[in-house]
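As structure tokens, the structure follows; a few thoughts come after it.
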Amino acid sequence: MGFNPLEHRGIPLDRQVRNWRELDVEPVDPDHGDPYTKCRIIAMNGIEIEAILFSHQFARHCPDLDVKRQLAEVRYIEQQQQKAVNWLLPGLASVLETTISYEQVAVDLTGWIARHEPDPYLKQAYEFGVLEDFDHLTRTPTFTR
């Protein structure tokens, strides 16, 4: 059975603030982990970044100062979470390895969306996106030193 966030109460915001020691996470070992671990980290990092950007834009357009204060608190904690997730990626990865990982995420996510899209027109658009992402993945140049 998968994780259902609606069945859990969550952690109060005042208990989610981390110090530097808690933010200093051990990166995953790409040689001994699941091949899709980097892809999962990249996807989760993208979700965290989008949450931060959304709350930032929401705060910019919200006239209520109390709501803005609460959003700033949440955004601070979201930024810490995003840093912890992003720092799970191994720092030794080359730019090429990182590029390939991002393209793999794009192929996998867009493919999953295309398979589950009920609207035929949107399904076709997503399938075209998968082909484009796959083209990027297969045409990524390989540099040798």
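The values are calculated or read from the model by the stated rules, or taken from the named source; none is laboratory data. It should be emphasised that the depicted structure is a prediction, and the values quoted were computed from it without experimental measurement. Positions of Cβ are generated from backbone atoms using ideal geometry, with glycine treated the same way; all protein chains shown enter the neighbour counts. Just so you know, the surface numbers come from the protein's heavy atoms only, side chains and all, with ligands and any DNA or RNA stripped out. Shrake-Rupley method; radii C 1.70, N 1.55, O 1.52, S 1.80 Å.
Run down the lysines and flag those whose C-alpha is under 27 Å from the C-alpha of residue 83, throwing out any fewer than 8 positions away in its chain.
Once the sequence-local lysines are set aside, what remains near residue 83 is 38, 68.
Pick out, in residue order, every one of the trypsin sites (Lys or Arg not before Pro) in the range 1-98 that is DSSP loop and has at most 15 other C-beta atoms within 10 Å; say none if there are none.
Hits after loop and neighbour filter: 9, 18.
Return the calculated 222 nm mean residue ellipticity for the chain, to the nearest 500 deg cm²/dmol, obtained by summing -39500 (n - 2.57) across DSSP H runs with n ≥ 4 and dividing by the residue count.
My calculation for the chain gives -21500 deg cm²/dmol from helical runs alone.
Please work out how much accessible surface residue 66 shows to a 1.4 Å probe, ignoring ligands, DNA and RNA, in Å² rounded to 10.
My reading of the accessible area for residue 66 is about 80 Å².
Give the whole-number value, in cubic angstrom per residue, of the convex hull volume spanned by the C-alpha atoms of the chain.
Dividing the Cα hull volume of the chain by its residues yields 192 Å³.
In whole angstrom, and with the biggest value first, how far do the Cα coordinates of the range 1-78 range along each principal axis?
Principal axes ranked by extent give 50, 26, 24 Å for the Cα atoms.
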